[in-house]
Amino acid sequence: MSGSVISAGCALSASVIIRINDKKIEFSQKIGFYSHQIGKVLCTGQKIWNRRETRVFPNGRLLSWQKKKPGFFVRKEKGYKNTMKIIDKKNMLDRIDRMGNLELELGCGKSKKHKDAIGIDAIDYECVDIVGDAYDILREFPDHSVSAVFSYHFFEHLEDIEAMMAELTRVMVDGAFLKVVTPHFSNPYFYSDCTHKKHFGLYSFSYFSKESLFVRKVPNYGNSPDFELCDVKLIFTSPRPFYFRWGIKKILQRIFNLNCWMMEFYEENLCYIFPCYEVRYEMIKRNGT
């Protein structure tokens, strides 16, 4: 990989030039007072500083870096073709039509929780069946071919939740089950992980779903309610070896999950006094979407 060059204007415009394997990619955009942020993405030789993500354009464009062995790949704005290679370790993509009801586990990591599901992850762990960018892999699946999707601590790493939900809507059959578990925004460990990009709370998937669980209603901002939000639970826990704290938090979990009113009261008034570890969402794909 050749050295990368980034230059920025000091006032109302900026130009970003990136060289990867002698190919030049250039962005030019008026960014006003955001121009100083571009300096955070200084790239030289084999080192990349702050390579995960830098938002510099007010129209929503992103410039984000991720490391890939060997070398690097870059992901640009929505619609850009990712250069990360898809590795189908068991040739499952060629056999989709003959595999019957498909189940997916997105971001399965080192330990896949659903042994019959197709494990998808960007890192080639032993239990991963298809290695690559999740958006790109989902595009390889035909419409209405998946009966269930599971995701544990994966959605918080995504840059574009809307695009992911749109792909899931396309590939899932009517009545398919979607389970998503993410860190709660009050989780103190959430901010220690620099790969976390999105925050989640009780109402996060209400923006993409039809639901009657909560008193507080949220707008959909043009998103189609393609899912029915069936259940939301707040999960309280502490890691080992904090067993006493774990016991206390399990008592809090039972109290705050007594009903939806208690969950809403907790998140509005108590979440920073008794931080929640994660949120579990269960949804059903609506018919005809």
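Every number here is computed from the coordinates shown, using simple stated rules; none is lab data. Quick caveat, the model's predicted, so the values are computed rather than measured. A quick note on method: Cβ atoms are made from the backbone with ideal geometry, for glycine too, and the neighbour counts reach across all protein chains shown.
Quick notes on this one:
To keep it simple, each residue is scored yes or no on (1) of a type in the set (S, T, N, Q); (2) out of contact with any Lys or Arg (no Cβ under 9 Å at 6 or more places or on another chain).
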| residue | (1), (2) |
| --- | --- |
| Tyr191 | no, yes |
| Glu228 | no, no |
| Phe236 | no, no |
| Gln253 | yes, no |
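- Test: residue in the range 252-275 that is outside any strand (DSSP E or B), within 17 Å of Ser204 (Cβ to Cβ) and touching a Pro at 6+ places or on another chain (Cβ under 9 Å): yes
- Residues that are among the hydrophobic types (A, V, I, L, M, F, W, C) and in contact with a Lys or Arg (Cβ under 8 Å, 6 or more places away or on another chain), drawn from the range 115-137: Cys127, Val128, Ile130, Val131
- Within the range 202-214, the residues that satisfy the criterion of being more than 10 Å from Pro225 (Cβ to Cβ) and in contact with a helix residue (DSSP H, G or I) (Cβ under 6 Å, 6 or more places away or on another chain) are Leu202, Leu213, Phe214.
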